[in-house]
Amino acid sequence: MRRNLMVVVGLTAVVAGCGIFSAHSSVVEVAAGQELSADRLADILTRVKGQVTFNTNMATFVTGLWTDVTLFGQAVADNKVNADSAFVADAMWPMIEETLYSRWIDTIVARRGTISNATIDSAYKTDKSRVGQHILIEAKPDAPKEVKDIARRKIDAILAKLKGGANFGALAMQNSDDKGSARDSGYLGLKPKGVYDPAFDKALWSLKPGEMSGVVASAFGYHIIRLASAAEAARFWRDSLSLGVRAAVSESYEGEMATKNDLKIDANAIPHMRTALDDRQAHIKDKTALATYKGGAFTTGDFIRWINAALSDPSRTADQEAGLKGQPDSAFKKMVTRMSQGQIVLNEARANKTQLSVEEWKQLREGFSNAIDTLKATIGLTGPDFDVAKTSASSRSKKAAEKVDEYFNDVTAGRKQPRMLPGILAATLREHASTKFNAVALQHGLDLAKAKHAADSVKAGGVAPEGPIKVSPGGPPVNPGPPPAPAPAPKKP
């Protein structure tokens, strides 16, 4: 598994602003010359169809989404959004940096991390993990009896063919309802004991190498299970052992490069980082060195750039930022050390001419361009009103603001879903645009929304239920973070 270049321990937020106006200001956010008033924020919140929670996090999310969409609309109006290499590199830089970093680490691992056949054989003999191969015919526990009977007859027929000498892998590819493993002849990969459905797990661990089970019923249906031989399991063991070697080699190499380049973390790095998190917009270009090394420095601005990349999804920003700010100093120390080491490794990668291939650049540009075109069409930023050759910049700017307003009306009415900007385009646009945020006005807008909601509920003769607004995905994600843990359930082999 790739080690992330930017290791941030649980990321945000309390509403951290880009400047406080006055206690009586009615403007929540100014973005590229456009204003979101407290009244309009309240209007958006109370227009939402269905269930909505009126709290600071929701108001912050709506404000962040408005800012992102507004900056995008104004950038389109200014003809600044395109798929040329420079713009793609700017908007997708975390993905590019991660790729270059990982590619260079792969080169180092290839030089230092050879896995011998003897190592694989030794690991196999410990029998702490096994490679299973199976054919599944699905039949859910609550399926009608006739459905289960059909599934049972089908698995019995497959078993008869296998006993007659048919190839297990071929029959798995042709018949198994577990399409993921079917693509690899039914192989499930290397797994320790206890991860599968109990019945499946018991059968797998009762087999000898190359041996096949009879029909095994599990929570997912009917299986025929086979334990891979040592020769068949070797590739899975090699992959697994290589991951461990890669992590060890990577960590060792980073430490060597830090020593070689005399990496030093500044004594005031942690206070600088915490201060910058309280007003990220103001520290985007902060040149204060958090760490120094031969020929360079890792600055507060570099730190904020990575944080902005990690917090690029406004639907999660508040919780992530709050989590980050709550981390102990030791976590911040580890963070700046990892980021600085990553920057040194990237410098080494570039010095050795590590770069994206022509095909990778093509795919990156095409994917980005498609995401941009979809977003333009969704918001309505297309057509003759945005023809640069036939319209003025001021008219395009005005029309973009109108389209953004219409878009939010459609979102609140349920006609469209809110969408995130692709990659870290939002953070990129914020780096180059003027934005101002007022926490007092946001609270005022939230209070107005609550009051209107309460009044409407009284008129309707009850209290409207509360719940979350669902957000649809936008472009390619960057460091999306872990999803909520699912309820415990048997692992499907």
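How many residues are touching a His at 6+ places or on another chain (Cβ under 9 Å) and over 22 Å from A377 (Cβ atoms) when one looks only at the stretch 40-82?
Number satisfying all stated conditions: 6.
Going residue by residue through the stretch 431-449, is there one that turns out to be part of a loop (DSSP other than H, G, I, E, B), loosely packed, with under 14 Cβ neighbours inside 10 Å and on the phi < 0 side of the Ramachandran plot?
Going residue by residue through the stretch 431-449, those that are part of a loop (DSSP other than H, G, I, E, B) are 433-434, 438.
Right, trim to loosely packed, with under 14 Cβ neighbours inside 10 Å and you get 434.
Within this subset, residues satisfying the condition of being on the phi < 0 side of the Ramachandran plot are 434.
Yes, because at least one residue in the stretch 431-449 is part of a loop (DSSP other than H, G, I, E, B), loosely packed, with under 14 Cβ neighbours inside 10 Å and on the phi < 0 side of the Ramachandran plot.
Which residue is farthest from the chain's Cα centre (by Cα), if the candidates are limited to the stretch 357-407 and must be under 15 Å from K80 (Cβ atoms), surrounded by 14 or more Cβ atoms within 10 Å (Cβ to Cβ) and among the small types (G, A, S)?
Applying the filter and picking the extreme gives S397.
Which helices (runs of 4 or more DSSP H) does the stretch 79-167 wholly contain that include 3 or more residues that are surrounded by 14 or more Cβ atoms within 10 Å (Cβ to Cβ) and among the hydroxyl-bearing types (S, T, Y)?
Of the helices (runs of 4 or more DSSP H) lying wholly inside the stretch 79-167, those with at least 3 residues that are surrounded by 14 or more Cβ atoms within 10 Å (Cβ to Cβ) and among the hydroxyl-bearing types (S, T, Y) span 93-112.
Has the stretch 40-59 got any residue that is part of a helix (DSSP H, G or I), small (G, A, S) and either in the same structural domain as R305 (by TED's automatic domain parsing) or modelled with pLDDT of 90 or more (or both)?
Yes, there is a match, as at least one residue in the stretch 40-59 is part of a helix (DSSP H, G or I), small (G, A, S) and either in the same structural domain as R305 (by TED's automatic domain parsing) or modelled with pLDDT of 90 or more (or both).
Look at the stretch 184-231 and say how many of its residues are part of a loop (DSSP other than H, G, I, E, B) and more than 25 Å from V147 (Cβ to Cβ).
Just the residues of the stretch 184-231 that are part of a loop (DSSP other than H, G, I, E, B), to begin with: 184-186, 193-197, 205-211, 219-220, 228-229.
Retained after the next criterion (residues that are more than 25 Å from V147 (Cβ to Cβ)): 184-185, 193-195, 205-211, 228-229.
Looking only at that region, the number is 14.
Is it true that L311 is touching a Leu at 6+ places or on another chain (Cβ under 8 Å), in the same structural domain as A31 (by TED's automatic domain parsing) and at pLDDT below 90?
Yes, satisfied.
What's the total number of residues in the stretch 386-410 that are in contact (Cβ under 8 Å) with a residue 60 or more places away in the chain and either assigned to a helix (DSSP H, G or I) or in contact with a Ser or Thr (Cβ under 6 Å, 6 or more places away or on another chain) (or both)?
Looking only at that region, the number is 12.
Under 7 Å by Cβ, and 6 or more places apart or on different chains, what pairs join a residue from the stretch 250-274 that is not assigned by TED's automatic domain parsing to the domain that holds S340 with one that is exposed (fewer than 14 other Cβ atoms within 10 Å of the Cβ) and among the acidic types (D, E)?
none
Considering each residue of the stretch 174-183, count those that are part of a loop (DSSP other than H, G, I, E, B) and under 11 Å from H134 (Cβ atoms), and give that number.
3
Inspect all residues belonging to the stretch 246-269 and state whether any of them is of a type outside the set (D, E), more than 25 Å from E98 (Cα to Cα) and surrounded by 15 or more Cβ atoms within 10 Å (Cβ to Cβ).
Restricting attention to the stretch 246-269, the residues satisfying the condition of being of a type outside the set (D, E) are 246-250, 252-253, 255, 257-261, 263-265, 267-269.
Checking which are more than 25 Å from E98 (Cα to Cα) leaves us with 267-268.
From what is left, the residues that are surrounded by 15 or more Cβ atoms within 10 Å (Cβ to Cβ) are none.
Taking every residue of the stretch 246-269 in turn, none turns out to be of a type outside the set (D, E), more than 25 Å from E98 (Cα to Cα) and surrounded by 15 or more Cβ atoms within 10 Å (Cβ to Cβ).
The values are calculated or read from the model by the stated rules, or taken from the named source; none is laboratory data. All of these numbers come straight from a predicted model, not from anything done at the bench. No Cβ is skipped: glycine too gets one built from the backbone with ideal geometry, and neighbour counts run over all protein chains shown.
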